[in-house]
Amino acid sequence: MSQRPKTVRQSTSELEVPPTTLTKKQFQQVQNLTKDDGHFNLVRNFNLADAITLCNGACGALSIFSNLRYLISHDAYYLKLAMWCIPLGFTFDVFDGRVARWRKTSSILGQELDSLADAISFGVAPAVLGFVLGMQSFLDTVVLTCFVCCGIARLARYNATVAIMPHDQSGKVTYFEGTPIPTSLILVGILAYLTHHGQVGDRLPGGLIEIIPGYSFHAMVVMFGISGTLMVSKSLKIPKL
């Protein structure tokens with residue numbers, strides 16, 4: 001039997017000049033991630049800030065699963081847990097950047113981890129919460145999906161442009177283009193308030209608005225649409241605190 005020849009992969013460490021899209025420091029980080037095929041090479045290259053970022057993503061995932069558990073059990077404990085996980089994720093999101101600057105360990109991997117975690121905790125998790133609390137019509141799900149897509153697009157734009165945006169002396173970006181995706185915490189706060197007062201499900205403020213027979217949406221889902229639109233805005237400049 002003939003044997004297919006093995007593909008030879010050029011080691012990143014053999015490259016002497018970093019690609020023009022990467023700084024020397026970023027190139028070194030990429031080398032560390034690709035220089036060996038050990039099973040735990042990725043884990044060995046995590047730093048403290050990366051671990052904190054993963055805690056953010058874990059909070060978002062736990063919020064989603066808690067929402068699903070609430071749909072099964074109707075136990076209010078799981079709904080409260082789903083809500084509290086999102087601001088807890090924000091706490092981790094705040095501290096990972098500060099830890100990275102304090103330890104001077106910011107990395108190209110950490111930047112990607114941060115965006116992926118934010119997409120889960122502040123994009124998917126709030127949208128799932130909105131669905132669980134009553135925004136369940138077809139048009140509602142379209143708006144919630146658009147909200148998530150706007151958050152993903154906003155994070156991608158930030159990653160693509162962060163290198164050329166103005167920075168202060170500490171290395172932080174001086175402003176955001178469009179509202180940051182963690183502003184979805186405002187939506188979570190509103191939903192938590194409505195839940196506390198029993199204004200969810202069929203009692204959502206504004207009720208159900210029918211456009212044509214068979215196609216309706218809840219008035220409250222509009223706030224998700226507005227939030228998504230503000231996130232992808234180019235002209236809106238938000239100073240970074």
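The values are calculated or read from the model by the stated rules, or taken from the named source; none is laboratory data. Keep in mind that this is a model prediction, so the values were computed, not measured. Note: ideal-geometry Cβ built from the backbone for every residue, glycine included; neighbour counts use all protein chains shown. In case anyone asks, the SASA skips ligands and DNA or RNA and just uses the protein heavy atoms, side chains included. Shrake-Rupley method; radii C 1.70, N 1.55, O 1.52, S 1.80 Å.
Of everything in segment 54-90, what is touching a residue at least 12 places away in the same chain (Cβ under 8 Å), open to solvent by 10 Å² or more (accessible area, probe 1.4 Å) and among the hydroxyl-bearing types (Ser, Thr, Tyr)? Give them in sequence order. Within segment 54-90, 70, 78 meet the criteria. In segment 124-241, counting only helices (runs of 4 or more DSSP H) that sit wholly within it, the ones holding 2 or more residues that are of a type in the set (D, E, K, R) and in contact with a strand residue (DSSP E or B) (Cβ under 8 Å, 6 or more places away or on another chain) span 138-161. Among the numbered conditions (1) modelled with pLDDT of 95 or more; (2) surrounded by 12 or more Cβ atoms within 10 Å (Cβ to Cβ), the only one that residue 177 does not meet is (1).
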